[in-house]
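To keep things clear, I will list the structure first and then write my remarks on it.
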Amino acid sequence: MRIGTKTIDSFTIFYKQKLRKNQFQYITTTTRKWQKPIDVARFKIILSESISPHFNYSVARVVTGGGKNCYIIEYKNFYPDTDLIIRW
């Protein structure tokens, strides 16, 4: 995907991966290469309700239903110095 310089755009990314450990890391610090924050960043993490996760980012809200918990993380002017890490 190419996004032109000095343009405004939005996109949605769906990511799914089998894990070998009780930890997940999603690389977000590449944002710093752009030398400009993302206006709004929203992460939606859906996990089985049997998992008790710990996030290094603040969770804005949790939506429950159907045996799943959906954790919503939202930031304005997103310019992270650490990647998103989830442990359980």
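Being modelled with pLDDT of 90 or more and either in contact with a helix residue (DSSP H, G or I) (Cβ under 9 Å, 6 or more places away or on another chain) or part of a loop (DSSP other than H, G, I, E, B) (or both) narrows it down to one residue among TYR71, TYR57; which is it?
Being modelled with pLDDT of 90 or more and either in contact with a helix residue (DSSP H, G or I) (Cβ under 9 Å, 6 or more places away or on another chain) or part of a loop (DSSP other than H, G, I, E, B) (or both) holds for just one of TYR71, TYR57, which is TYR57.
For region 31-58, give me each residue that is of a type in the set (A, V, I, L, M, F, W, C) and over 24 Å from ARG20 (Cα atoms).
Answer for region 31-58, where residues must be of a type in the set (A, V, I, L, M, F, W, C) and over 24 Å from ARG20 (Cα atoms): TRP34, ILE38, VAL40, ALA41.
Quick test for you: out of THR82, THR64, pick the one residue that is surrounded by fewer than 11 Cβ atoms within 10 Å (Cβ to Cβ) and either part of a strand (DSSP E or B) or in contact with a Gly (Cβ under 7 Å, 6 or more places away or on another chain) (or both).
Testing whether each residue is surrounded by fewer than 11 Cβ atoms within 10 Å (Cβ to Cβ) and either part of a strand (DSSP E or B) or in contact with a Gly (Cβ under 7 Å, 6 or more places away or on another chain) (or both) leaves just THR64.
Does ILE45 satisfy the criteria of being at pLDDT 80 or above, over 13 Å from the mean Cα position of the chain (by Cα) and surrounded by 11 or more Cβ atoms within 10 Å (Cβ to Cβ)?
Numbers: at pLDDT 80 or above: yes; over 13 Å from the mean Cα position of the chain (by Cα): no; surrounded by 11 or more Cβ atoms within 10 Å (Cβ to Cβ): yes.
So ILE45 does not fit the description; no.
So, in region 50-88, of the ones that are among the polar types (S, T, N, Q) and more than 20 Å from THR31 (Cα to Cα), which residue ends up nearest to the chain's Cα centre (by Cα)?
ASN69
Give me a count of the residues in region 31-42 that are surrounded by 13 or more Cβ atoms within 10 Å (Cβ to Cβ) and part of a loop (DSSP other than H, G, I, E, B).
Number of matching residues: 1.
Among the residues of region 13-21, is there at least one that is hydrophobic (A, V, I, L, M, F, W, C) and surrounded by 14 or more Cβ atoms within 10 Å (Cβ to Cβ)?
The answer is no, given that none of the residues of region 13-21 is hydrophobic (A, V, I, L, M, F, W, C) and surrounded by 14 or more Cβ atoms within 10 Å (Cβ to Cβ).
The values are calculated or read from the model by the stated rules, or taken from the named source; none is laboratory data. Predicted model, so just to flag it, every value in this text is computed and none were measured. Note: ideal-geometry Cβ built from the backbone for every residue, glycine included; neighbour counts use all protein chains shown.
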